[in-house]
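The values are calculated or read from the model by the stated rules, or taken from the named source; none is laboratory data. Source: prediction; values computed, not measured. Glycine gets a Cβ as well: all are built from the backbone with ideal geometry, and neighbour counts include every protein chain shown.
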Amino acid sequence: MSAFEKLQSMLDAAMKQAGEESSMLLGQSLTVAASDLLNTDRKSYFGDEDNAIYVVGVESRESYPGRFYLLFALADAIVMSSILLGIPGPRIQEKRRLCIQEPDDIDAFGEIANQIIGSFNSVFQPKLPEKVHLKLLAPVKYVPGMDELTDELPLPEGSYLMYRAPLEIAGQEMNRLDIMIPHPLANLFDPQPEADAEAVAENAEAASAGDEAGKPAEAPDQLRSILVLGDEDGRQVLVDGLASNGLNMIDASLGADVPRLLTQGDVRLAVIALKHTADRDLAICNRVVPLVGKGGGSVIVCAPEWTRNSVLKALKAGAKGIMVQPFDPQELNTKVDKFLNPN
């Protein structure tokens with residue numbers, strides 16, 4: 001069973017309900033695409049972030065004390081508030097492009113955020129064994145290059161479990177909602193076995209540890225392996241394409257417990273399948289590269305579209321190879337073979 005499976009199920013249900021109720025509020029369909037859970041920290045998340053972010057804090061009370069955070073692209077918040085206000089389409093596009101957020105936008109988005117938290121309360125309360133109440137906090141805008149990161153703003157320093165939910169509104173260019181839950185609060189919502197909880201914490205620390213940790217003890221009896229990370233469809237394509245090389249295949253979701261996966265074989269290569277190459281997607285490299293690199297392994301990142309900037313960021317994060325999907329199985333195996341047999 002994957003770590004925090006119950007929490008992800010609760011978040012999936014809450015976001016589905018929030019999308020349905022927001023659609024009624026907006027008078028326009030808002031859909032939430034398939035989600036992923038992964039570990040990150042504030043430094044990794046905001047390190048290369050170029051887009052303005054609108055952070056909405058949520059205080060969890062009663063038996064589950066703590067705070068988690070909803071991170072919207074500011075442009076998405078402007079689009080949703082403008083639709084609610086009945087702003088004409090061309091003006092919405094102008095406001096989105098220039099990141100114009102007027103007082104009415106703030107009030108309108110507050111209504112949308114209240115509705116979203118109402119959906120969360122209606123899902124979380126019956127699914128948790130003890131009493132819980134979620135309360136919306138005042139939003140905080142963060143614009144890279146203009147606003148300073150402090151110890152507490154736009155969200156506190158530390159490691160988080162990040163739930164990513166891509167947003168879609170017909171005719172609008174949308175990004176995604178990221179829900180950042182501190183690990184102690186995530187473990188209250190969905191208690192993990194002690195060993196798993198420790199591994200998750202170690203995993204989050206590894207995201208910012210770089211190459212400082214030493215190489216682990218060798219395990220000569222382990223099978224030479226390839227680690228494949230991605231959503232279910234992305235993983236299956238890679239596993240099928242690599243099946244002919246005869247190596248042990250270890251596949252899991254993007255949010256899986258990587259240190260535990262690495263105990264299942266001598267991982268010489270990790271192949272990560274991403275749907276997008278925004279900074280928050282590429283942040284997974286900060287977590288996986290150091291862990292795989294400890295054993296001398298390399299990381300390849302696959303995605304449907306790449307820009308020059310995203311390629312440079314992936315390589316800067318430590319990826320050794322980039323591939324564009326869909327790819328020919330022979331091309332995939334040829335590239336993989338170069339990493340597995342460099343000589």
All but one of (1) surrounded by fewer than 16 Cβ atoms within 10 Å (Cβ to Cβ); (2) touching a Leu at 6+ places or on another chain (Cβ under 6 Å) hold for residue 28, so report the exception by its number.
-> (2)
Somewhere in the stretch 36-59, is a residue buried (at least 16 other Cβ atoms within 10 Å of the Cβ), at pLDDT 90 or above and out of contact with any Leu (no Cβ under 9 Å at 6 or more places or on another chain)?
-> no
Qualifying helices (runs of 4 or more DSSP H) (wholly inside the stretch 221-334; at least 1 residues being among the small types (Gly, Ala, Ser) and closer than 20 Å to residue 47 by Cα) | 308-316
Regarding residue 62, is this residue within 14 Å of the chain's Cα centre (by Cα) and more than 16 Å from residue 182 (Cα to Cα)?
-> no
Is it the case that some residue within the stretch 155-169 is touching a strand residue (DSSP E or B) at 6+ places or on another chain (Cβ under 8 Å), within 23 Å of residue 30 (Cβ to Cβ), at pLDDT 90 or above and of a type in the set (D, E, K, R)?
-> yes
By residue number, the members of the stretch 108-140 that are outside any strand (DSSP E or B), among the β-branched types (Val, Ile, Thr) and in contact (Cβ under 8 Å) with a residue 60 or more places away in the chain are 112, 116, 123
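Yes/no per residue for (1) of a type in the set (S, T, N, Q); (2) surrounded by fewer than 16 Cβ atoms within 10 Å (Cβ to Cβ); (3) in the same structural domain as residue 162 (by TED's automatic domain parsing):
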site	(1), (2), (3)
273	no, no, no
279	no, no, no
286	yes, no, no
289	no, no, no
297	no, no, no
310	yes, no, no
314	no, no, no
324	no, yes, no
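Which ones in the stretch 128-139 are within 20 Å of residue 5 (Cα to Cα) and surrounded by fewer than 16 Cβ atoms within 10 Å (Cβ to Cβ)? Spell out how you get there, then give the answer.
Step one: filter the stretch 128-139 for residues within 20 Å of residue 5 (Cα to Cα), giving 128-130, 132.
If the condition is that a residue be within 20 Å of residue 5 (Cα to Cα) and surrounded by fewer than 16 Cβ atoms within 10 Å (Cβ to Cβ), then 129, 130 are the ones that fit.
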Would you kindly identify the helices (runs of 4 or more DSSP H) lying entirely within the stretch 1-102 that contain at least 3 residues that are hydrophobic (A, V, I, L, M, F, W, C)?
-> 5-26, 74-85
Find all pairs meeting these conditions: Cβ atoms under 9 angstrom apart; at least six residues apart or on different chains; first residue within the stretch 178-190 and part of a strand (DSSP E or B); second residue among the basic types (Lys, Arg) and buried (at least 21 other Cβ atoms within 10 Å of the Cβ).
-> 178/164; 178/280; 179/164
